[in-house]
Amino acid sequence: MNAKPLLLTAGLAAALLLSACDRAEDPAKTRADVAKAQAEANQKSQDARAEANKDIAAAQSDLAKVQADANKDMNAAERSAGEQRADANAELSQATDKAVGKVDKEEAEVLRTRAKADYEVAKTDAAAAQKVAEQRCDAATGEARDACQAKAKADYDAAVVAAETRRDEKLREADALAARSGG
């Protein structure tokens, strides 16, 4: 058996495979990958926005119910005040304070819900942008690709930190509103 041609063929195949490892991706494939990543990113962003809008709508609905209850409480207090004038002012004041406290508490909850929802949307947008950027990085090779991917990661990290900062600021505002209302 002649092993020399077999070894030569195997060596040539290995050399061809290794030479293809650090080649840039075909531009058409890169464009397709970027288009696919953008489409996926857009869908994820739309889904996140839809979920956020649903949460915000539910929180606002709860607020409307609390406001209606607060108006009902205030109206009941006003009727009672008409019957007993001496205690009317104190009772109305208590009902108003309680109603305002309920409304402030629910408004604080809406602020919390919005802050969390906005954070999730921003985080999803940042992840989508990172994925698109990484797909674009596939067009480069070696250190250029590494630098491109590092920048994509750094941009993602910066976007998430900014979103966290905005969320935390809104949560502090909600906490202050809740504390003012006694809740």
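The values are calculated or read from the model by the stated rules, or taken from the named source; none is laboratory data. All of these numbers come straight from a predicted model, not from anything done at the bench. Glycine also receives a Cβ, built like all others from the backbone with ideal geometry; neighbour counts cover every protein chain displayed.
Evaluate the following for residue 91: is it at pLDDT 85 or above and surrounded by 12 or more Cβ atoms within 10 Å (Cβ to Cβ)? Spell out how you get there, then give the answer.
Working: at pLDDT 85 or above: no; surrounded by 12 or more Cβ atoms within 10 Å (Cβ to Cβ): yes.
Answer is no for this residue.
Considering 104, 62, which residue is touching an Asp or Glu at 6+ places or on another chain (Cβ under 7 Å), of a type in the set (Asp, Glu), closer than 27 Å to residue 173 by Cα and modelled with pLDDT under 95?
Details: 104 fails: touching an Asp or Glu at 6+ places or on another chain (Cβ under 7 Å).
Sole residue among the options that is touching an Asp or Glu at 6+ places or on another chain (Cβ under 7 Å), of a type in the set (Asp, Glu), closer than 27 Å to residue 173 by Cα and modelled with pLDDT under 95: 62.
Within the bounds of segment 118-137, is there any residue that is more than 23 Å from residue 54 (Cβ to Cβ), of a type outside the set (S, T, N, Q) and more than 22 Å from the chain's Cα centre (by Cα)? Reasoning before the result, please.
Step one: list which residues in segment 118-137 are more than 23 Å from residue 54 (Cβ to Cβ), which gives 129-137.
The next check asks that each one be of a type outside the set (S, T, N, Q); those that pass are 129, 131-134, 136-137.
From what is left, the residues that are more than 22 Å from the chain's Cα centre (by Cα) are 136-137.
Yes, there is a match, as at least one residue in segment 118-137 is more than 23 Å from residue 54 (Cβ to Cβ), of a type outside the set (S, T, N, Q) and more than 22 Å from the chain's Cα centre (by Cα).
Which of (1) at pLDDT 75 or above; (2) outside any helix (DSSP H, G or I); (3) of a type in the set (A, V, I, L, M) does residue 1 not meet, given it meets every other one?
Of the numbered conditions (1) at pLDDT 75 or above; (2) outside any helix (DSSP H, G or I); (3) of a type in the set (A, V, I, L, M), the odd one out for residue 1 is (1).
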